[in-house]
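Reviewing the structure listed below.
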Amino acid sequence: MTSTRTDTRRAHPSGRRHLPDAPLLAAAEGRRPRHRPVWFMRQAGRSLPEYRELRATTGMLESCFNPDLVCEITLQPVRRHRVDAAILFSDIVVPLKAAGVDLDIVAGVGPVIAHPVRTAADVRALPRLVPEQVTPIADAVRLLVDELDQTPLIGFAGAPFTLASYLVEGGPSRNHEHTKALMHGEPETWHALLGALADTTIAFLQAQLAAGVDAIQLFDSWAGALTEADYREFVMPHSERVFAEVANAGVPRIHFGVGTGELLGAMGEAGADVVGVDWRVPLDVAVGRVGPGKALQGNLDPATLFAGWDVVEREVGKVLAAADRALEAGAIGHIFNLGHGVPPDTDPEVLTRVVDLVHRS
């Protein structure tokens, strides 16, 4: 393989790769991209047969701590679909596992925590992440920077609230009863927990940034379970701190949650440069909630991918038209994406065709 790392980094005073023509970075920063950028959440995953073959004998968490495997899986959708960004293959609970939290990712269930965190003593006992514990992830980033040429690499982490919801509930939850009970019933303990998790998230993102990622995305997957008032009081200060602590890296910061239509204004205030929008809110409506001066990301309904190409083409067109109206209304850029992750049973050829369609738009 031929490395381009030295050439691309030499031109940038920070030592980070210099990618002035990358459409994703241009759109995120309010510059005019040569074509509309597109990437997909969970684009490196179960929808790709080459991924399933590679993962056949290796568990999820084991895969996430294997730099060579992370590099290969991250590159697969870039090769196949020609997307405008790679996103690091990982999981939002990886920094918790690295720090020493007893957890596993159970097939068909998701992250399962052996000992849920529900008291002040549990919070005090929660292990903190130090950068050395995620050295394999940083090593994977360095491998990818060498391989990706001019394609940006997005690093990511789970937001403090979403990490807290897994820790408090003990796993995925529909209603977040224990989480909300702790949040309202013991606010001091709650803020101590989110403060500790913000520290972990910051450390994880800083390790990725030091290794060379070109953008970061903060996933607050479960924030949509909250009212705006609760989000602003119990969650937003901690997400703000995460974004503030990585601001000096000078890379685009993306914020995304599911079912967060009522929170878009607050999420836009939390410090991100790009706000991800799920499929429930059209982008030309979302811009009014987020406000001008931010780029938007999204937001094709993932279920549309199963409806046949004529429908996919029509719905992609609707998203693009809404995005254009959002740009006229003050959004500084648009990054095409789904409104959530790629479903596992998606035909990869459909994704490839969507990328080509968006690039030609």
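Could you identify the single residue in VAL316, VAL285, VAL350, VAL355 that is of a type in the set (Val, Ile, Thr), farther than 24 Å from ALA157 by Cα and open to solvent by 40 Å² or more (accessible area, probe 1.4 Å)? Only one candidate passes the filter, namely VAL285. From the list GLY271, GLY293, the lone residue that is open to solvent by 30 Å² or more (accessible area, probe 1.4 Å) and in a loop (DSSP other than H, G, I, E, B) is GLY293.
Cβ separations smaller than 8 Å between residues 6+ apart or across chains give the following pairs from region 53-77 residues that are under 21 Å from GLY155 (Cβ atoms) and of a type in the set (Gly, Ala, Ser) to residues that are open to solvent by less than 50 Å² (accessible area, probe 1.4 Å) and at pLDDT below 95: SER63/ARG55. Determine whether THR135 is open to solvent by 20 Å² or more (accessible area, probe 1.4 Å), within 27 Å of ALA249 (Cβ to Cβ), among the polar types (S, T, N, Q) and not in a helix (DSSP H, G or I). Here the answer is no, as THR135 does not meet what is asked. When region 327-347 is filtered for residues that are outside any loop (DSSP other than H, G, I, E, B) and open to solvent by 20 Å² or more (accessible area, probe 1.4 Å), the ones remaining, listed by number, are LEU327, GLU328.
Taking SER47 and the conditions (1) of a type outside the set (A, V, I, L, M, F, W, C); (2) in contact (Cβ under 8 Å) with a residue 60 or more places away in the chain; (3) open to solvent by 60 Å² or more (accessible area, probe 1.4 Å), which numbered condition does it fall short on, given that it satisfies the others? Answer for SER47: the failing condition is (3). Exactly one residue out of ASP324, ASP310 is surrounded by 15 or more Cβ atoms within 10 Å (Cβ to Cβ) and on the phi < 0 side of the Ramachandran plot: that is ASP324.
Just to be sure before I move on: is ALA225 more than 16 Å from the chain's Cα centre (by Cα) and surrounded by fewer than 23 Cβ atoms within 10 Å (Cβ to Cβ) in the structure I sent? Here the answer is yes, as ALA225 does meet what is asked. Mind listing just one residue for me: the one in region 261-284 that is small (Gly, Ala, Ser) and under 23 Å from LEU320 (Cβ atoms) and, of those, modelled with the lowest pLDDT? Step by step, filter region 261-284, then rank; the result is GLY268.
Against the definition (among the hydroxyl-bearing types (Ser, Thr, Tyr), part of a helix (DSSP H, G or I) and either more than 30 Å from LEU19 (Cα to Cα) or touching a residue at least 40 places away in the same chain (Cβ under 8 Å) (or both)), how does THR151 come out, yes or no? No; evaluated as a whole, the condition is false for this residue. If you go through region 183-202 and pick out every residue that is surrounded by fewer than 24 Cβ atoms within 10 Å (Cβ to Cβ), of a type outside the set (S, T, N, Q) and in contact (Cβ under 8 Å) with a residue 60 or more places away in the chain, you end up with 5. Within 23 Å of PRO252 (Cα to Cα), open to solvent by less than 10 Å² (accessible area, probe 1.4 Å) and touching a Gly at 6+ places or on another chain (Cβ under 6 Å): is that true of VAL141 in this structure? Considered against the rule, which asks whether it is within 23 Å of PRO252 (Cα to Cα), open to solvent by less than 10 Å² (accessible area, probe 1.4 Å) and touching a Gly at 6+ places or on another chain (Cβ under 6 Å), VAL141 comes out as yes. Total residues in region 115-129 satisfying the condition of being in a loop (DSSP other than H, G, I, E, B), surrounded by fewer than 21 Cβ atoms within 10 Å (Cβ to Cβ) and at pLDDT 95 or above: the figure is 6. Just name the residue that is most open to solvent (accessible area, probe 1.4 Å) out of those in region 50-93 that are over 16 Å from the mean Cα position of the chain (by Cα), over 24 Å from PHE306 (Cβ atoms) and among the polar types (S, T, N, Q). That would be THR57. Taking the stated definitions as given, is LEU205 under 25 Å from VAL109 (Cβ atoms), among the aliphatic types (A, V, I, L, M) and either part of a helix (DSSP H, G or I) or open to solvent by less than 10 Å² (accessible area, probe 1.4 Å) (or both)? Judged against the criteria, LEU205 is not a match.
For PHE40, the criteria (1) within 30 Å of GLY330 (Cα to Cα); (2) at pLDDT below 95; (3) surrounded by 20 or more Cβ atoms within 10 Å (Cβ to Cβ) hold in every case but one, which is (2). Being at pLDDT 95 or above and not basic (Lys, Arg) holds for only one residue in PRO23, PRO13, and it is PRO23.
Within region 15-32, residues that are open to solvent by 60 Å² or more (accessible area, probe 1.4 Å) sit with their Cβ atoms under 6 Å from residues that are polar (S, T, N, Q), at 6+ positions apart or across chains, in these pairs: HIS18/THR8.
Look at region 92-107: where a residue is without any contact (Cβ under 8 Å) to a residue 40 or more places away in the chain and a partner is in a strand (DSSP E or B) and open to solvent by 60 Å² or more (accessible area, probe 1.4 Å), sitting 6+ places away or on another chain with Cβ atoms under 9 Å, you get LYS97/ASP104.
The values are calculated or read from the model by the stated rules, or taken from the named source; none is laboratory data. Since the structure is predicted, the reported quantities are computational estimates derived from the model, not experimental observations. Reconstructed Cβ throughout: ideal geometry from the backbone, glycine too, with neighbour counts over all protein chains shown. Heavy atoms of the whole protein, side chains included, go into the accessibility calculation; ligands, DNA and RNA do not. Shrake-Rupley method; radii C 1.70, N 1.55, O 1.52, S 1.80 Å.
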